[in-house]
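Only one structure is covered here, and it is reproduced in the block below.
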Amino acid sequence: MTGIRVGRLFGIELAVHPSWFFVLVFFASTLATGFFPRAHPEWGLTTTWGIAVAATLLLFASVVAHELGHSLVARSQGVPVSGITLFLLGGVARLGREPDSPGREAWMAVAGPLVSVAIAGGSLGAASLVPGPDQLVALLTYLGVVNAVLVAFNLLPGFPMDGGRVLRALLWRITGDRVRATVWAAGVGQAFAWLFIALGTGQILVAGGLGGVWLILVGWMLIQAARATARQTVVEDLLTGVSARRLMTTPRGWLSPYMTLAWAARDRLRDWDTRCLPVAPEDPDAEYGGLMCVRDLERTAPDRYDHDRVRDVMTPTADLPTVTPETGAADVLRLLREKEADRAVVVDRGGRLLGFVDAEAFARFLSVRRRPDGRLKPPSRAA
Ligand SMILES: [Zn+2]
């Protein structure tokens, strides 16, 4: 999730996902029509809306500060941070990789809540000290309370919440096994997520209204996040020590960029029984022009096969992530995810194409990969 870039803070890119604008409107209107009019019926419409919008923006500024806490600590520990994205449910810091020790993980996890605690304490303290006006006191009180709620929510011990990261760090320290710790912490995270869904359902049935829908949405997204992280950790562990060379398919030959798709499909991809083939360069100085795969054909209407040429549908060199044979398989996978690509080309030091690694290669490799303890799954015994 990258979203629309809006600026940089301490060298860290800040972006907003389109879904964030819905939350902005939803929060501001909930505050302007419910919360503030109930607490301060004497305020006029303009004041109420002005304070509601200011409160919403301050809430998101707090979320950014929280994520900045995680990000700055991560960066100080050598973990690359590609940016912070605000989305439907708050904020997320996009880290280049997972921390490499339980201590670092725990410290990174608590940095965000510590920032929120500081904002909550500062705002509530200031609210009790400033003599007025009412609007300022209400704004500071709101800011203090939402940051306290943010801390309470984030410290629930289920992965991927911050508390869940602390739990994972603890289990990791105790068992020495990061993968098992992640799977357990993600399990606890899913249990909390189901609790949110149950509470949300209960709230809709008893009280009606949108609050319950919100809880269900939070629960559902937490389940997805917990599952995805657990899966990713297990996969990266299975790929430890595996290089791109191991997953690489060496092409049987080349395609000409001017071949029709019908010719390429029938006489090359099908007859050579391969998923992808490199395309010869049109520029004589280039090593290769691109890569054409069965997937590219599938995106083209069959009645175009006799007219369109390989160069029209191939993925050109500029759009292909490149790796070397020595690149770790987990790094290749991360690169594909980051570039939202389904294939990478493997090149030697001179830039010559050696082969390609695609999503199918990972799927096939992982389906027969040994378990982390080195044992292969035993074949099921026939009765
Ligand atoms: Zn956090």
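When shorter helices are ignored and each DSSP H run of at least 4 residues is given -39500 (n - 2.57), the per-residue value for the chain at 222 nm works out to -17500 deg cm²/dmol. A straight chain from Ala39 to Arg231 at 0.36 nm per residue would run longer than the Cα-Cα distance by 64.5 nm.
Be a star and scan the range 93-109 for residues whose amide nitrogen sits under 15 Å from the point 7 Å along the Cα-to-Cβ vector of Ser82. Flagged as within label range: 93-98. Cα centroids of the range 272-290 and the range 225-259: how far apart, whole angstrom? Spelled out, the Cα-based centre of one part sits 20 Å from the other. For the chain, the fraction of C-alpha pairs farther apart than 37 angstrom is 39 percent. To the nearest 10 degrees, how steeply does helix 102-129 sit against the main Cα axis of the chain, on a 0 to 90 scale? Orientation of helix 102-129: about 30 degrees from the principal axis. Inter-label distance, Asp312 to Thr260: 1.1 nm, where each label sits 7 Å from its Cα along the C-beta direction.
With each pseudo-label sitting 7 Å past Cα toward Cβ, what's the Leu57-Asp267 distance in nm, one decimal? Inter-label distance under the simple model: 6.5 nm. Are there chymotrypsin sites (Phe, Trp or Tyr not before Pro) in the range 184-280 that DSSP puts in a loop and that have at most 10 other Cβ atoms within 10 Å, and which ones? Taking the range 184-280 and a limit of 10 other Cβ atoms within 10 Å, no loop chymotrypsin sites (Phe, Trp or Tyr not before Pro) are found. Residue ranges 40-48, 328-336 sort as 328-336, 40-48 when ordered by packing (mean number of other C-beta atoms within 10 Å per residue, highest first). You can think of it this way: the chain between Lys339 and Thr250 has 29.8 nm of extra reach, that is 0.36 nm per residue less the Cα-Cα gap.
Just checking the listed ones, Arg299, Arg231, Arg104: in the Gaussian network model of the chain with Cα springs under 10 Å, the one fluctuating most is Arg299. Stretched out straight at 0.36 nm per residue, the stretch from Glu326 to Leu114 would grow longer than its current Cα-Cα span by 72.3 nm.
Read the figures in this text as sums done on the coordinates, not as results from a lab. The structure presented is a predicted model; accordingly, all values stated were derived computationally and were not measured. Please note: Cβ atoms are built from the backbone with ideal geometry, for glycine as well, and neighbour counts cover all protein chains shown.
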